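Heads up, the thing below is written out as structure tokens.
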Amino acid sequence: MMKKRMIYKIKLLSILAISIAIYGCEDLDQYPENKFTDETYWTSVSKAQTVLNTAYSQMFSSQYFFYNEAMSDNAYNGRGDIAGSASIAAGTYDASLGRFKEEWNNRYAGIKSCNILLENIDRVEDLDPTVKEQMKAEARFLRAWQHFQLMTWFGDIPLVTADISLEEATSVTRSPRAEVLNYILSELDAVAEILPTKAQYSEDERGKITAGAAVALKARVQLYEGNWEEVILACEKLMNGSSYGSYSLFPSYEGLFLPENEYNSEDILSLQFVPEFRMWGEYFDMAPLSAGARLNAMAPTQELVDSYVMLNGSAIDETGSSYDEENPYSNRDPRLTNTIVYHNYQWKEQDGSTHTIYIEPGSSPDSAADEYVSGSSATSTGYYLRKYYDPSHLSSLNSGLNLMLIRYADVLLMYAEAKNELGQLDANGWNQTIGALRKRAGFTDAAALNFDSSLSEENLRTVVRNERRVELAFEGLRIFDIRRWKTAEDVLNGWAHGAKFSATSEDGGYLRVNQRNFDPGKHYLWPIPRDERLINPNLSQNPGW
């Protein structure tokens, strides 16, 4: 049954036309100066809220959420070049790639919305001071978020903390990355002390940015910087039930991604959607065709499938793992079944009915819609996606299900990684983090749940990083992880593979689906978009481009 949705989310609909107009603009100055700066506009709280809602709507997109995964070794965008993911994964791009221009323009549009709100909200008469400060804090968080996304992709970027003119937008220079980083961290520290906690919002306000979201984002920023002590301090604020909010793991990994469990105890920050009004439809090109998809544009890789350990905690290539290549999906980490559709998968629908997904060529007793056939509209790797499938979807698999950008499991994983990098991950830290995640996932074997004190820091690093990979698969974070670990040059060079359906013995019979190339000399930073540098010659270019 479709749950009641918050009023706040509905309000987003009133500004969709504004958002579309913003997204189509060319440079840092995204819409007319007098659109929201005219003194006659700032006459009510609702008008100020409309501008803030615009900034919320620009935070992220469902397309980026899903297709960023195809830039990594977890997935393959086999049809089209959606969000530039195929080009980026293959290393076959230059500064003219549309994704770079789109990322740049959309994020600076979001920054502009925040700056306009911050510079004009004081004009609204009779606005409760507490409400005004909260709205400002939300805008400051969103502005910091946008700068963080830009800095992570491009390195040095223009730091834009005030609304700028067209002339300024076409002459601005890139600020040093360290300056942008310090600004982001300072803003997050400040707003964490102003924003309400999750529990302090009313039901109609659920989905707004919280103090906990500011602390969690700070932890992520520090994680990407390798500032381990700071990661631990930020995570502990959320793990110890402090004044920034109380969070915990939702009991069911499968249930975590279902619409009836939105706004659960694990949700820290989400993209907000509303059934029938504001929806996303990427599953139409990712689910099995027999489940209603029109084709398959993105599919999991064999490399991701192989990363799910056995129920005894052993990697599949580890001695004593009991892995059977002829029965490869048995006795595996339960999160595999909650995330990826494989041959003979039992697909469940909302009414409790199931049907078998036949993917191996020639295996289907009736319809062959889901079978792997090279060049067909079916899967390009021999796998489909299950995680975030909405059983209550509307036509064309459209969904109003929220997409979590930060959740408590990520906090635990950040904490475990930081502890291990400092040589401090012990049985207690393991039980709080990896052990807790595996228990929630459905592991029962002591060898999988208990801390292995015989493992070296390097071996523990492998375990922690792999746990992060499988727990957060298809949540758009893998590409950032392999970039910050500087392992992209290892995992994005050579062939990405699919299931063992190949007619040749090459690569053990596993499908070769995509040749990847990653040049560590230049690919760790995106190039500044070509068109932006044509508009503004003061923008320097990244090395190698």
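The values are calculated or read from the model by the stated rules, or taken from the named source; none is laboratory data. This one's a predicted model, so the numbers in the text were calculated from it and none came from an experiment. Virtual Cβ from ideal backbone geometry, glycine too; neighbours counted across all protein chains shown. With ligands, DNA and RNA removed, areas are computed over all heavy atoms of the protein, side chains included. Shrake-Rupley method; radii C 1.70, N 1.55, O 1.52, S 1.80 Å.
Considering only protein heavy atoms and a 1.4 Å probe, what is the carbon-and-sulfur percentage of the accessible area of the chain? Walk me through the numbers on the way to the answer.
On the way: 9930 of 20550 Å².
Carbon with sulfur: 48 percent of the solvent-accessible area.
Around the amide H of residue 497, modelled in the peptide plane, lie the amide H atoms of 302, 303, 513, all under 5 Å away and 5 or more residues distant in sequence or on another chain. A cut-off of 5 Å between modelled amide H atoms, ignoring neighbours fewer than 5 places along the same chain, links residue 175 with 157, 159.
Once R0 is set to 25 Å, what does the formula 1/(1 + (r/R0)^6) return for the Cβ-Cβ distance between residue 364 and residue 295, expressed as a FRET efficiency to the nearest 0.05?
Numbers: r = 17 Å, r/R0 = 0.70.
According to the calculation, E is roughly 0.90.
Extension gain, residue 519 to residue 487, is 10.4 nm, computed as 0.36 nm per intervening residue step minus the present C-alpha separation.
Go through the range 458-545 and name the trypsin sites (Lys or Arg not before Pro) that are in a DSSP coil and have 11 or fewer other Cβ atoms within 10 Å of their Cβ.
Working: sites: 461, 465, 468, 469, 478, 483, 484, 486, 500, 512, 516, 522, 530, 533; in loops: 486, 500, 522.
Within the range 458-545, the qualifying trypsin sites (Lys or Arg not before Pro) (loop, at most 11 other Cβ atoms within 10 Å) are 486.
Here the spin labels are modelled as points 7 Å beyond Cα on the Cα-Cβ line, and at residue 355 and residue 466 they lie 3.6 nm apart.
Could you sort out which of 208/348; 101/218; 101/136 sit more than 30 Å apart by Cα distance in this structure?
208/348
A simple spin-label model places pseudo-atoms 7 Å from Cα toward Cβ; at residue 63 and residue 240 they are separated by 4.4 nm.
One decimal place: the segment residue 171-residue 535 gains 130.2 nm when fully extended, by the rule 0.36 nm per residue minus the C-alpha distance. Placing unit charges on the Cβ atoms of the charged side chains and taking the dipole of the range 341-464 about its Cα centre, the candidate lying farthest along the positive direction among 372, 412, 398 is 412.
Taking the solvent-accessible surface of protein heavy atoms with a 1.4 Å probe, what is the per residue accessible area of the chain in Å²? Could you put the intermediate results ahead of the total?
On the way: 20550 Å² over 545 residues.
For the chain, the solvent-accessible area averages 38 Å² per residue.
Between the range 128-154 and the range 90-121, how far is it from one alpha carbon centroid to the other, in angstrom? Spelled out, the Cα-based centre of one part sits 15 Å from the other.
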